[in-house]
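As structure tokens, the structure follows; a few thoughts come after it.
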Amino acid sequence: MTRYLDDCEATGRLGPKSLFDYRHYLDDYITPWIGSRLVREIDAETIASWQIHLATEGRKKTGTGLSPNTIRLARAPLNGAFKEAVAMGVLPTNPLLAVPRPKTRKTIPKHWSPEEARHFLALHEGDRLYPVWAFLLGSGLRIGELVFLRWSRVDLDQGLARINEFATVLGYEVRQSSGKSNDAIRTIDLDSHLVGVLREQRRRQAEEHLAAASYDETDYVFTKPEGGAYHPQYLSRLLGRISGELDLPRLTAHGLRHTSATLMLASGVPPKVAAERLGHADPTLFSNLYSHVTPTMQKQAAAQIGEALFGEG
């Protein structure tokens, strides 16, 4: 496993975030259970027993079971190493192929209703973080995209923002990333409300710069009072705390992205267009993720077709 991950790092086959996560899965979920076993001893029965252990007592700190999705993630580096072992002739077959991945239950992504989102924004109007929350909701950006958004990538006159820089967090260290996929690099349109939010943000930022005795000057759009980019986890955790205090469904920054997607689809934006705006790699997976919204869209489509065919001209 270690040799496999070292090779992935040396050849660039995995990005920094994936490598960090894979090493975490190795240390917490793989090594404690099967790390001392010889490679040739790992068969399908071993993998099946390992998954049962993870499901019942795999959590390192509490000894409780892991979720099916976490077990699926823990399988990924193990599967990669065994595939390589087969390719190198160390093993005849990959034992993970004989053991199904745990089934995950389909869940509706956590999000706010339009009324809840408006209520949240109304309560924060005038607050210095209002532009952050409003832009996340209005644009659907990932938090790692928002904290690295630069003024040089924003055209307020044309109402456009170019998304091409991404922050990822390894442990608590913020690093530059290449993005979730090729589709993450994109240009999004900004409506007049978001343009107004950004103009106000630029005005406040200039005031803070002048008032500060020491200011970390950057080109970032959303900065701390003393300048410099926000830490993505700080904003996400802060949002979770604030939303709980306001008796709203507790959301992190990713929940605002889900809210933005749901609002777009419920407003009749075609799924493919919504997926492109959000930088989602696969429109089909995007549609499946937000399938709870599509019945409303189907009703709208049926009504529009009926009006076209049978309505009064």
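General remarks:
- Computed about the Cα centre, the dipole magnitude for region 1-107 is approximately 500 debye when only Lys and Arg (+1) and Asp and Glu (-1) carry charge, each at its Cβ.
- Acute angle (nearest 10 degrees) that the helix 44-57 long axis makes with the longest principal axis of the chain, alpha-carbon atoms: 50
- Residue order, fewest to most surrounding Cβ atoms within 10 angstrom, among Y172, Y22, Y215: Y172, Y215, Y22
- The shape of region 230-290 can be summarised by an equivalent ellipsoid whose semi-axes, obtained from the alpha carbon gyration tensor, come to 26, 13, 8 Å from longest to shortest.
- Given R0 = 35 Å, the distance between the Cβ atoms of N69 and L129 translates into a calculated FRET efficiency of 0.70.
- Note on region 212-313: Cα Rg divided by 2.2 N^0.38 Å, N the number of residues, gives 1.56.
- A Förster distance of 45 Å, applied to the separation of the beta-carbon atoms of D219 and I305, puts the FRET efficiency at 0.40.
- The per residue volume of the convex hull around the alpha-carbon atoms of the chain is 196 Å³.
- Fluctuation leader among P283, P100, P270 - the chain, Gaussian network, Cα springs under 10 angstrom: P100
- Cα centroid separation - region 231-299 against region 131-192, whole Å: 15
- Volume of the Cα convex hull of region 2-98, divided per residue and given in Å³: 96
- The modelled label-to-label distance between K60 and Y172, using points 7 Å beyond Cα along the C-beta direction, is 1.6 nm.
- In degrees, nearest ten, helix 294-310 long axis to first principal axis of the chain (Cα): 50
- Net charge dipole size for region 141-258 [Lys, Arg +1 and Asp, Glu -1 on Cβ; Debye, nearest 20]: 340
- In the chain, the longest principal axis of the Cα atoms and the axis of helix 114-124 are about 70 degrees apart.
- Distance between modelled label sites at K103 and M88, nm, 7 Å Cα→Cβ extension: 3.6
- Radius ratio Rg over Rh of region 121-239, counting only Cα atoms, Kirkwood formula for Rh: 0.94
- Computed lengthening from A212 to T284, 0.36 nm per intervening residue step minus Cα-Cα distance: 21.1 nm
- Ordering of 12-19, 161-168 by packing [mean C-beta count within 10 Å, highest first]: 161-168, 12-19
- Each Lys and Arg Cβ is given +1 and each Asp and Glu Cβ -1; about its Cα centre, the chain then shows a dipole of about 840 debye.
- Signed unit charges on C-beta, dipole axis of the chain, positive-most listed residue T187, I163, Y25: Y25
- Share, in percent, of DSSP beta bridges within the chain that are antiparallel, nearest 5: 95
- Residue among S139, S267, S49 with the largest mean-square fluctuation in a Gaussian network model of the chain, springs linking Cα atoms under 10 Å: S49
- In order along region 149-166, the phi-based Karplus estimate (6.51 cos²θ - 1.76 cosθ + 1.60, θ = phi - 60°) of 3J(HN,Hα) comes to 6, 10, 4, 5, 9, 10, 10, 6, 5, 8, x, 9, 9, 9, 9, 8, 10, 9 Hz; Gly and Pro are listed as x.
We did not get these values from a lab; they are worked out from the coordinates using the rules stated. All values reported here derive from a predicted model rather than from experimental measurement. Don't worry about glycine lacking a Cβ; one is built from the backbone with ideal geometry, like all the others, and counts go over all protein chains shown.
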